[in-house]
Amino acid sequence: MNPIAEITGHKEIIVCAGAGGVGKTTTAAAIAVRAAAEGKKTAVVTIDPARRLASSLGLKELSNEPTLVSKRKFAAAGLDLKGELHALMLDTKSTFDEVVLRYAPTEQQARRIIANRFYRNISGTLSGTQEYMAMEKLYELHAGGAYDLIVIDTPPTRNALDFLDAPRRLTDFLESRVLRWFLLPYVKAGGGFMRFANVAAVAFLRVVKRIVGGSVLDDTAEFFANLDGMYDGFKARARDVAALLQSEAASFVVITSPAEESVLEATYFASRLNEAHLAFGALVVNRVHPRFGDGSGATPRQQARLASGDEAARRLAQLLDNEASFMRIVRLEDKNLKALARKVPRHRWVHVPYLEREAVDLDGLAVIAAHLFA
Amino acid sequence: MNPDMSVDELLNPRIHIVCGKGGVGKTTVSAALALVAARHGRKVCVVEVDRKGSLPKLFGAKSPSYEPSELSPGVWGLNVLQEDALAEYLNVQYHMQRISRVLTSSHFVDYITIAAPGLKDILVLGKIWYLEQDRSADGKHYDFDTIIVDAPAAGHMIAFLSAPMGLSDAVQVGPIRRQSDWLVEMLQDTARTVAHVVAMAEEMPVAETIATSEALHDRLHIAQGAAFVNGLYPKIVGASAERAVEDDSEARDGLIRAGALVNLTLDDGDLDALADYARFLSSRRKIQARHLRALRKGIDQPILNLPFLFSSGIALPEIEMLADDIEQQALEL
């Protein structure tokens, strides 16, 4: 059975992962369009701030809350819609605010954290935060129980690890012993330089104060003071999110192009999924150059003679030259994909060829879906 | 008239910042531009910022370090990791090597990143400033004629370049604030710095390139160089050859006869394959041409077309080819 069809039929969560620019968002959207058409109440979540998903679904814009794609739009694209399709775009900052509101003992304390400048900087700058919030949003949507299937793409991470380790990275940071060693004396002393702190910490604080200014240290102190007592909640939630991703409900789709760099990333990602006890559902190989005929071609000698011949011969030389160029790419892609096949069994693969049209609307997504579910 | 006039124009300021979204081939363009500069007698340094360091691989050289090393004759490279720039700054300015193990721990680097967003970017740009001033932070002497910066991917690029401009929540106090002013002067001086953009002829990369180009010009006030478009399918097949493999049986017979003259036996299957490849190439070329038109409409700078490489990977010979293309098109600018 086609692996994409299989997981779409049985799973509640599909996570699309892969290197940047290989078509994660489009793949996620195409899977969601097909699942919705076939009767599932589906949500598609994108991390990509570009408006591409919105416009391909015929929507003006997306927000952190689900927007329904109307039946009319499906009908206009000639698609019968038996289920529902909702689309969201992750807003890291507001999702983080929701998390803080949930775990703060009082709303007042939550508001103090949300207004804190150090906190505001975290969601924009600490790498891994976006990934964590994506998983948080996924958990919340799943727990709400409103959807049969949630399809989500992942940020274009430089490194697959970023995404898998994100929740732990954030909680580790918030609990960091190094930071506490440096910052706690400052926190305890209420912002003044402390008498009992160690010498290195004092030297460090002086430098940090000179570099970033005292007000930033005050913000930090206030942030960590307000965060006290919330770690357990954070950690428990991070554990729940991890457990959900490792459960029977979730499956991962790895997307790659046949180019060497993205194949390496996909291979690595597939092995990391295994180590992390996450279910690998399917591998989508996108944008493979087409192969026609047996590519036997001409010898260089024949080519040279054709190129210096009459008009028909010169035409043939051009055509053979063109074919030979493609054959070089075909052989290279074959080599890359063979290496991939040693790590990921071919029966989990799905091919989406280089298409003549781009998926800029529901029609286009349906065409991609036809390949994904073929 | 000097025939290399326009190549010199292309290479004019010393600092070239190469910008573009991830996966469009910024590093390849940086390397090709470096070769062009080296061919014209310049000593070049390519600066990779916080990346895996794929540049030396293109030149078949060893992995880069924080100090420049020669990758190929006339072309030097270095990889500036933000963590290294931060550690160097703290060591040189505050003699903090004593606790440097702690300072380079990931939690501390995370802390500084959050506490002072933009600081690491400023320090990386500071490293480039030192290169331009012909010295390193620890007093070593450099003499690069051309400095090419392989900028971080688009998402981070604007934040990276705007960090010293105080547009973001960046560092607002202390010595760093003053040092940032030198960086702004460097970036906004058209005689010192130019920014090139790299794109692919696809919908998203074109849209992002137009946005990047606008941001560079309107918000960052950095001089605009060229736009490089990577991966364009070349015109291998002429129109008459394309027509010959369509349904015209007379033309197909002509091809079969031409093949027979050089002992090449072609059956219908072979001709169909030739036709399919020709059709595929021409349909991809049409799609690319449409996106190129959109790019041309959206930006003011000259566009340099770089070909899709039908080769088994990208290494020095391919970079040489791209450098040829850049030189040739620079002459026509």
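Residue-by-condition table, conditions (1) without any contact (Cβ under 8 Å) to a residue 60 or more places away in the chain; (2) in a loop (DSSP other than H, G, I, E, B); (3) closer than 22 Å to residue B:112 by Cβ:
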| residue | (1), (2), (3) |
| --- | --- |
| A:97 | yes, no, no |
| A:105 | no, yes, no |
| A:110 | yes, no, no |
| A:122 | yes, no, yes |
| A:136 | no, no, no |
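Please tell me if residue B:56 is within 23 Å of residue B:19 (Cα to Cα) and touching a residue at least 60 places away in the same chain (Cβ under 8 Å).
Spelling it out, it is not the case that residue B:56 is within 23 Å of residue B:19 (Cα to Cα) and touching a residue at least 60 places away in the same chain (Cβ under 8 Å).
Is it fair to say residue B:194 is more than 9 Å from every other protein chain (Cβ to nearest Cβ) and surrounded by 19 or more Cβ atoms within 10 Å (Cβ to Cβ)?
It is true that residue B:194 is more than 9 Å from every other protein chain (Cβ to nearest Cβ) and surrounded by 19 or more Cβ atoms within 10 Å (Cβ to Cβ).
Is it true that residue A:331 is over 20 Å from residue B:272 (Cβ atoms) and within 14 Å of another protein chain (Cβ to nearest Cβ)?
Considered against the rule, which asks whether it is over 20 Å from residue B:272 (Cβ atoms) and within 14 Å of another protein chain (Cβ to nearest Cβ), residue A:331 comes out as yes.
For region B:1-61, which helices (runs of 4 or more DSSP H) that fit wholly inside it have 2 or more residues that are in contact with a strand residue (DSSP E or B) (Cβ under 6 Å, 6 or more places away or on another chain) and at pLDDT 90 or above?
B:26-39
Please find, within region A:290-301, the residue that is farthest from the chain's Cα centre (by Cα) out of those that are of a type outside the set (D, E, K, R) and within 8 Å of chain B (Cβ to nearest Cβ).
A:298
Residue by residue through region A:115-130, note down the ones that are more than 22 Å from residue A:213 (Cβ to Cβ) and of a type in the set (Val, Ile, Thr).
Once the filter is applied, which keeps residues that are more than 22 Å from residue A:213 (Cβ to Cβ) and of a type in the set (Val, Ile, Thr), region A:115-130 yields only A:129.
Can you name the number of the only condition in (1) more than 9 Å from every other protein chain (Cβ to nearest Cβ); (2) on the phi > 0 side of the Ramachandran plot that residue A:269 fails?
Of everything listed in (1) more than 9 Å from every other protein chain (Cβ to nearest Cβ); (2) on the phi > 0 side of the Ramachandran plot, residue A:269 misses just condition (2).
Within region B:79-99, does at least one residue satisfy the condition of being in contact with a helix residue (DSSP H, G or I) (Cβ under 8 Å, 6 or more places away or on another chain), at pLDDT below 85 and not in a helix (DSSP H, G or I)?
Within region B:79-99, one or more residues are in contact with a helix residue (DSSP H, G or I) (Cβ under 8 Å, 6 or more places away or on another chain), at pLDDT below 85 and not in a helix (DSSP H, G or I).
Any idea which of (1) facing another protein chain (nearest Cβ under 7 Å); (2) over 21 Å from residue A:258 (Cβ atoms) is the one residue B:280 doesn't satisfy?
(2) is the only condition that residue B:280 fails.
Mind listing just one residue for me: the one in region B:227-255 that is surrounded by fewer than 19 Cβ atoms within 10 Å (Cβ to Cβ) and more than 40 Å from the chain's Cα centre (by Cα) and, of those, nearest to the other protein chains (Cβ to nearest Cβ)?
That would be B:254.
Is it the case that region A:304-314 has a residue that's facing chain B (nearest Cβ under 7 Å), free of Cβ contacts under 8 Å to residues at least 60 places away in the same chain and either under 14 Å from residue A:30 (Cα atoms) or of a type in the set (Ser, Thr, Tyr) (or both)?
no
How many residues, within region A:124-133, are hydroxyl-bearing (Ser, Thr, Tyr), in a helix (DSSP H, G or I) and facing chain B (nearest Cβ under 10 Å)?
Selection size over region A:124-133: 2.
Identify all residues within region B:296-328 that are charged (D, E, K, R) and more than 14 Å from chain A (Cβ to nearest Cβ); write none if there are none.
B:296, B:297, B:300, B:320, B:324, B:325, B:327
Restricting to region A:326-374, count the residues that are part of a helix (DSSP H, G or I), farther than 20 Å from residue A:264 by Cβ and out of contact with any Ser or Thr (no Cβ under 9 Å at 6 or more places or on another chain).
Result for region A:326-374: 9.
Looking at region A:334-358 only, could you name the residues that are closer than 30 Å to residue A:70 by Cα and either away from every other protein chain (no Cβ under 11 Å) or in contact (Cβ under 8 Å) with a residue 24 or more places away in the chain (or both)?
A:350, A:351, A:352, A:353, A:354
Being at pLDDT 65 or above and surrounded by 15 or more Cβ atoms within 10 Å (Cβ to Cβ): is that true of residue A:216 here?
So residue A:216 fits the description; yes.
Please go through region A:237-266 and pick out each residue that is surrounded by fewer than 17 Cβ atoms within 10 Å (Cβ to Cβ) and within 21 Å of residue A:114 (Cα to Cα).
Scanning region A:237-266 gives no hits.
Just need a number here: residues in region A:17-36 that are touching a Phe, Trp or Tyr at 6+ places or on another chain (Cβ under 9 Å) and within 14 Å of chain B (Cβ to nearest Cβ).
Summing the residues that are touching a Phe, Trp or Tyr at 6+ places or on another chain (Cβ under 9 Å) and within 14 Å of chain B (Cβ to nearest Cβ) in region A:17-36 gives 2.
Kindly provide the set of residues from region A:359-372 that are more than 20 Å from residue A:69 (Cα to Cα) and buried (at least 18 other Cβ atoms within 10 Å of the Cβ), ordered by number.
Across region A:359-372, the qualifying residue is only A:372.
When residue B:178 is evaluated against the numbered criteria (1) within 14 Å of chain A (Cβ to nearest Cβ); (2) buried (at least 16 other Cβ atoms within 10 Å of the Cβ), which criterion, by number, is the only one it fails?
(2)
Looking only at region B:117-158, which residues are in contact with an Asp or Glu (Cβ under 9 Å, 6 or more places away or on another chain), modelled with pLDDT under 90 and not in a helix (DSSP H, G or I)?
Scanning region B:117-158 gives B:117, B:118, B:134, B:136, B:137, B:138, B:140, B:141, B:142, B:152.
The values are calculated or read from the model by the stated rules, or taken from the named source; none is laboratory data. Every value quoted in this text rests on a predicted model; they were computed, and no experiment measured them. Because the Cβ atoms are built from the backbone with ideal geometry, glycine has one as well, and the counts that use them run over all protein chains shown.
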